[in-house]
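This report concerns only the one structure given below.
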Amino acid sequence: MRMFHCDQCGHLVFFESEQCVHCGAVLAYLPDSNTVAALQLDSAADATTGSYQRYRNLATPATAQTGVPEKTQHYRMCANRLQYQACNFAIPAEDPHALCSACRQTLVLPDLSVDGNTLRWRKLEAAKRQLYYTLARLGLHPQEPGWSPHYQFLADVPGVPVITGHASGLITINIAEADDDERVRRRVALHEPYRTLLGHLRHESGHFFWDKLVRDGGELESFRQLFGDERQDYHQALQAYYANPPSYAQWSPHFVSAYASAHPWEDWAESWAHYLHLVDLLETAASYHTRLCVPETARAPAIQVEDPFSQPAPSFETMVAQWVPVTLLLNSLSRSLGQVDAYPFALSGGALHKLRYVHELVRRPYPLHAPGAGVLSPISPPLQAP
């Protein structure tokens, strides 16, 4: 994602930053303006909630005559930042919620009294906030009820393993995925080239947005023409996939991954996740003003990476043309540090055709009350799993 700058000193800061390392300013991400801002501490009291710390946005414009902000914006820190250091989002001071719009999407937490679960939960929330950011940049209203899934983060109990997945707007993640060693073990056991928390969340959010943008958006026929008929038995399809995994030559001409070949729903979710990989990585590269060329010849033309969210936005063809050299550079840098490829994929024409479909669907404007913008059940404070 793009880089940010401290409103107080101009130093480079990041989406995850909570304090400027240059000037010490308090930083927070503001979902209402989709930016990381420097905040100055004020004091206030609320008759209902008691005393709390209130902050003024240092980026609020000031009048030329008085130097006083035209409309002072005040914020409070998300309660999960204050209590657990598990969030860097701020909330408008007048908002009645103790939790930010991202943290309120988590309905069930792991048992935080268990050693290690607080750290696992923090990692999951960090990945979820990055997904929140990208959905906001795509204009998919993650702050609004009905435009983002709910989440539950659960641990295995004896005889009852937790299966990561999506059902009816609720994403379940097994918190064991937050342990690097366990996640790598599962990746190797399942012969996967890539497995991350962010990748899980992007994939599962794809199932949620299939419901909203394809099923409820009147796109079933166009989807079936490209991805296949999702009405085929899902559980039988997965059983067949795991019983006889396809070879690379079988799946690579048409799918972004082997798992995408299991069922049209998984094909969509894998393509959706890949599209989010694409726009997030290109935005990051563009924010660094990346200019590069693939040194195939001495006269190879240089490419200036464009921000996929700029106006006017680059075409899908332009994004793909820039994506290829950026990922080659990324993998070469990873190898130079003794790491495996950060992006272990090669997209075929068939896979790119499906990414184009996602691109064209997601780039449509989606007003809050558009068809398919139904409201999920009301968001309640998160509960800790027993």
Worksheet item: If the Cβ limit is 6 Å and pairs must be 6+ apart or interchain, which residue in the range 106-126 that is closer than 24 Å to Ser148 by Cα and touching a residue at least 40 places away in the same chain (Cβ under 8 Å) pairs with which residue that is of a type in the set (Ser, Thr, Tyr) and outside any helix (DSSP H, G or I)?
Response: Thr106/Tyr151
Response to the item:
Going through (1) among the acidic types (Asp, Glu); (2) out of contact with any strand residue (DSSP E or B) (no Cβ under 8 Å at 6 or more places or on another chain); (3) open to solvent by 10 Å² or more (accessible area, probe 1.4 Å); (4) closer than 22 Å to Thr134 by Cβ one by one, Asp181 fails only at (4)
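Residue-by-condition table, conditions (1) at pLDDT below 95; (2) within 24 Å of the chain's Cα centre (by Cα):
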site	(1), (2)
Asp181	yes, yes
Phe209	no, yes
Gly217	yes, yes
Gln225	no, no
Gly228	no, no
Arg231	no, no
Tyr234	no, no
Item to complete: Being closer than 23 Å to His141 by Cβ and not acidic (Asp, Glu) narrows it down to one of Val188, Val214, so name that one.
Response: Val214
Worksheet item: With respect to the numbered conditions (1) surrounded by fewer than 17 Cβ atoms within 10 Å (Cβ to Cβ); (2) part of a loop (DSSP other than H, G, I, E, B); (3) aliphatic (A, V, I, L, M), which one is the sole condition not fulfilled by Leu347?
Response: (1)
Discussion item. Only one of His353, His359 is loosely packed, with under 15 Cβ neighbours inside 10 Å, touching a residue at least 40 places away in the same chain (Cβ under 8 Å) and within 30 Å of Arg224 (Cα to Cα). Can you tell me which?
Written reply: His353
Worksheet item: For residues in the range 124-178 being assigned to a strand (DSSP E or B) and of a type in the set (S, T, N, Q), which is least open to solvent (accessible area, probe 1.4 Å)?
Response: Asn174
Item to complete: Might you check whether a residue that is within 26 Å of the chain's Cα centre (by Cα) and surrounded by fewer than 21 Cβ atoms within 10 Å (Cβ to Cβ) occurs anywhere in the range 293-303?
Response: no
Discussion item. Here's a check for you: in the range 90-123, which residue that is out of contact with any His (no Cβ under 9 Å at 6 or more places or on another chain) and among the polar types (S, T, N, Q) is most open to solvent (accessible area, probe 1.4 Å)?
Written reply: Ser113
Practice prompt. Give the residues of the range 162-211 that are of a type in the set (D, E, K, R) and closer than 11 Å to Ala269 by Cβ, sorted by residue number.
Written response: Arg202, Glu204
Worksheet item: Which of the residues that make up the range 321-350 are β-branched (Val, Ile, Thr) and in contact (Cβ under 8 Å) with a residue 40 or more places away in the chain?
Response: Val326, Thr327
Discussion item. hydroxyl-bearing (Ser, Thr, Tyr) and within 24 Å of Pro31 (Cβ to Cβ): which single residue out of Ser101, Ser168 fits that description?
Written reply: Ser101
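The values are calculated or read from the model by the stated rules, or taken from the named source; none is laboratory data. Values in this document were obtained by computation on a predicted structure and should not be read as measured data. For neighbour counting, all protein chains shown are included, and Cβ atoms are generated from backbone atoms with ideal geometry for every residue, glycine included. These area figures cover heavy atoms from the full protein model, side chains too; ligands, DNA and RNA do not enter into them. Shrake-Rupley method; radii C 1.70, N 1.55, O 1.52, S 1.80 Å.
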